[in-house]
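The values are calculated or read from the model by the stated rules, or taken from the named source; none is laboratory data. On a predicted model such as this, the values are computed, not experimentally measured, just so you know. Note that each Cβ is placed from the backbone with ideal geometry, even for glycine, and that neighbours are counted across all protein chains shown. The area values use the complete protein model at the heavy-atom level, side chains included, leaving out ligands, DNA and RNA. Shrake-Rupley method; radii C 1.70, N 1.55, O 1.52, S 1.80 Å.
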Amino acid sequence: MTQAPTPTADTVRKLVRSLLKESADGAPGPEVRPVAEGGEHSTWWVGTRHVLRLAPDREASVRQRRELRLRDLMRPHLPVAVPAGVAHGEWAPGLTYTLDTVIPGGTAEEHDVSAVGEADLAGLLTGLREVPVRQAETLGVPRTPPRSLEALRRMAVPAAERLAADDEFDPSRLLQLTPPGAAQLAAQPGTAVLVHHDLKGEHLVVSADGRVRGVLDWTDAAVGDPAEDIAGLALAVGSGAAVRAATLAGYGARPCLRGLWLARCDTVIRLTDRLEGRDDSPLPLLRTQLRRAWETILLERVTELREDTEGTEDDEEL
């Protein structure tokens, strides 16, 4: 198998000169510098107005091509921006690139999301539900089965005990999610929608006033469980804001609680993996995500959920 080339600043400069007219007259062209966040693509800032993403392998190239098609399908349905491409093609044989305009703003790791920003997130979740699933699948977007919350809970229990040994977490908090409660929060049939499937702080573009202006990196998008995006928002902006946004988007108690507990179990497992050397994510970020996911909110009555789902008294308790 041929080793994929490693992109360098010189590689990026040469590609940028061929793409941007302002550097076509022999001028040095805009400054290029690598973006520290994200590992799926080799990502570079190009001046202040563009960002270049280089797919590192053929699988990532397939997902990047799919993302370009998906953006056009989603854009009319979403109230927040998705990246707009200036150019795309191959930077090496079989390996794709996309040059996008920068969506102004910081990230949710840099700016707090305001109450109006929560409404922006609600619009995002609402819009994703409106994207035609069949059209998304025609573009090659995969259908992902829902995860078993009970299986995740069983993995989280020993992980929580491991964190307790390092004084990182109180494992008794996980006892709130019982096996019957996990069973009640199983994904409901027929609820699959288009999901970003990798929502986190670095993928949310947030302005200084707390508005959510855009969502980046749709390469992991799938047709699947909407609770996954609620879980992602819990990691990015906290459980309270995530549940408020999901409720405003029309989701009831069950998917909100399911997303909350997916996030909580995930954060316990990932922090344990990091401490034991199986994950290389930054420790401060994982600890922040743990704190956000485990925020106490009013919607904690797992065992009170009945068999009915949307539009019940359970939803009114939100």
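Brief remarks on what is shown
- Look at the dipole of the stretch 50-126 built from charges on Cβ: of THR107, GLY117, ALA55, the Cα furthest out on the positive end belongs to ALA55.
- Portion, in percent, of the accessible area of the stretch 96-178 that falls on carbon or sulfur, probe 1.4 Å: 54
- With every protein chain in place, the stretch 189-272: carbon and sulfur % of accessible area (1.4 Å): 54
- Close amide-amide hydrogen proximity is noted between HIS50 and VAL102, each under 5 Å apart and 5 or more residues distant or on a separate chain (H modeled in the peptide plane; Pro and chain starts excluded).
- Compared with the dominant principal axis of the Cα atoms in the chain, helix 227-237 is inclined by about 80°.
- Rounded to whole Hz, the Karplus (6.51, -1.76, 1.60) HN-Hα couplings of the stretch 277-287, x for glycine and proline: x, 9, 9, 10, 5, x, 4, x, 5, 5, 5
- What the phi angles of the stretch 238-249 give under the Karplus curve with 6.51, -1.76 and 1.60, with θ = phi - 60°, is a coupling list of x, 5, x, 5, 5, 5, 4, 5, 5, 5, 5, 7 Hz, glycine and proline written as x.
- Degrees separating the helix 115-130 axis from the principal Cα axis of the chain, which is the longest one: 80
- Amide H to amide H, with H built 1.01 Å from N, ARG213 comes under 5 Å of VAL205, VAL206, SER207, counting only residues 5 or more places away or on other chains.
- With both labels modelled 7 Å from their Cα along Cα-to-Cβ, the LEU298 to ALA4 distance reads 4.7 nm.
- A simple packing score, the average count of other Cβ atoms within 10 Å per residue, orders the peptides 118-129, 96-107 as 118-129, 96-107, with the highest score first.
- Highest mean packing first, where packing is the average number of other Cβ atoms within 10 Å per residue, the peptides 13-19, 232-238, 201-207 line up as 232-238, 201-207, 13-19.
- Between helix 253-275 and the chain: long-axis angle, C-alpha atoms, 0 to 90°, nearest 10: 70
- Under the simplified labelling scheme, the GLU137-ARG49 pair shows an inter-label distance of 4.2 nm, with each label point 7 Å from Cα along Cα→Cβ.
- As a calculated quantity, the FRET efficiency between ALA164 and ARG58 at R0 = 41 Å, using C-beta atoms, amounts to about 0.45.
- When Cα extents along the principal axes in Å is calculated for this entry, the matching label among [x] 76, 72, 29; [y] 63, 50, 39; [z] 68, 44, 43 is [z].
- Residue-normalised accessible area of the chain, expressed per residue, 1.4 Å probe, Å²: 47
- Computed from backbone phi, the HN-Hα couplings of the stretch 43-49 come to 10, 10, 6, 10, x, 10, 10 Hz, rounded to whole numbers (Karplus: 6.51 cos²θ - 1.76 cosθ + 1.60, θ = phi - 60°; Gly and Pro given as x).
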